[in-house]
Amino acid sequence: MVRTSDLILFVIDVYDMNIDVLVNELYNTGIRLNTHPPNVVITKTERGGIEVKPTVALTKITPEMASDMVAAYGHVNAEVIIREDIDEEQLIDVLTGNRVYLRSLTVVNKIDLVDEEHLLRIKEKMRGWDPIYVAANKDLGIEELKEAIYKKLDFIHVFLKPQGQEADMKEPMVIMGGSTVGDLCDRIHRSFRRNFRYATVWGRSAKFPGQTVGTEHVLMDGDIITIVVKRGGE
């Protein structure tokens, strides 16, 4: 369940700040928080052994170490392109291939129960986590929390323009950042992707106004889109 989440929300009590325990448990199950997959590409080849080709200076691991690790995971012939300064753990994550990279947000609750001095100590301890401080029973900090969740989930707005009509600029569709035209079709109705013909896009993601695109086109915030489907499709 956790591995398929869009966002992990840690709600920490002011009197119980063991967030490191929770983070370590997730790490040990292969969940990486607030980071991206290492920019490493491993391609099997027909011959030549293992060839490591870093495109940046490596300061935490040598090409020889990387080659040995790739071999230890069963590769005999492979080209390894490393495009960032990774360490051993990151390369293991790539080789294992089952890591999940998720966003997380930390919330410290019940701040109304402690004095200012105690709260300052908490903020010092939580430095680096950038938490949201709330008192849920008093509705304190809740609006800030909502805004933080919205930003973390990277929502975008797109506006639907029915074919031959004006765009509906009052009620946008709210979708995840990085969503494609196909994802939007799925949100509208399950038949839209199956009966999809083409889409026309105006906005930041379009190379020019009214660009014709397919289901793999990635939408951006503020885009206007017309989706054309087959007539009589099921």
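The values are calculated or read from the model by the stated rules, or taken from the named source; none is laboratory data. Only a predicted model underlies this, so the values are computations on that prediction, with no experimental measurement involved. Neighbour counts are summed over all protein chains in view; Cβ atoms, including those assigned to glycine, are modelled from backbone coordinates with ideal geometry.
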### Message
Being in the same structural domain as Val14 (by TED's automatic domain parsing), surrounded by fewer than 13 Cβ atoms within 10 Å (Cβ to Cβ) and small (Gly, Ala, Ser) is the requirement here; does Gly128 meet it?
### Response
yes
#### Entry: Of residues in the range 22-32 being β-branched (Val, Ile, Thr) and within 19 Å of Gly97 (Cβ to Cβ), the one surrounded by the most Cβ atoms within 10 Å (Cβ to Cβ)
Ile31
### Message
Taking the condition of being aliphatic (A, V, I, L, M), touching a Pro at 6+ places or on another chain (Cβ under 9 Å) and assigned by TED's automatic domain parsing to the domain that holds Asn137, how many residues in the range 72-115 meet it?
### Response
3
### Residue tally, condition in contact with a Ser or Thr (Cβ under 8 Å, 6 or more places away or on another chain) and polar (S, T, N, Q), over the range 180-215
5
### Query
Does at least one position in the range 197-209 carry a residue that is more than 25 Å from Asp6 (Cβ to Cβ), of a type in the set (Ser, Thr, Tyr) and assigned to a strand (DSSP E or B)?
yes
### Residues (polar (S, T, N, Q) and surrounded by fewer than 15 Cβ atoms within 10 Å (Cβ to Cβ)) located in the range 40-67
Thr43, Thr45, Thr55, Thr59, Thr62
### Any pair with Cβ under 9 angstrom, 6 or more apart, that starts in the range 186-206 at a residue that is under 20 Å from Ala167 (Cα atoms) and ends at one that is among the basic types (Lys, Arg)
Asp186/Arg193; Phe196/Lys230; Arg197/Lys230; Thr200/Lys161; Trp202/Lys161
### Task
State whether one or more residues within the range 162-169 are of a type in the set (A, V, I, L, M), within 27 Å of Tyr150 (Cβ to Cβ) and either outside any loop (DSSP other than H, G, I, E, B) or modelled with pLDDT of 95 or more (or both).
no
### Within the range 1-57, considering residues that are basic (Lys, Arg) and in contact (Cβ under 8 Å) with a residue 60 or more places away in the chain, the one nearest to Met176 (Cα to Cα)
Arg3
### Message
Which of the numbered conditions does Thr35 fail, given that it passes all the others? Conditions: (1) among the β-branched types (Val, Ile, Thr); (2) surrounded by fewer than 11 Cβ atoms within 10 Å (Cβ to Cβ); (3) touching a strand residue (DSSP E or B) at 6+ places or on another chain (Cβ under 7 Å).
### Response
(2)
### Task
Could you grab me the full set of residues in the range 183-221 that are among the basic types (Lys, Arg) and exposed (fewer than 14 other Cβ atoms within 10 Å of the Cβ)?
Arg190, Arg194, Arg197, Arg204, Lys207
### Query
Tell me, which residue of the range 1-21 that is over 14 Å from Val100 (Cβ atoms) and acidic (Asp, Glu) is surrounded by the most Cβ atoms within 10 Å (Cβ to Cβ)?
Asp13
### Every residue from the range 35-50 that is in contact with an Asp or Glu (Cβ under 8 Å, 6 or more places away or on another chain) and within 21 Å of Asp6 (Cα to Cα)
Pro37, Pro38
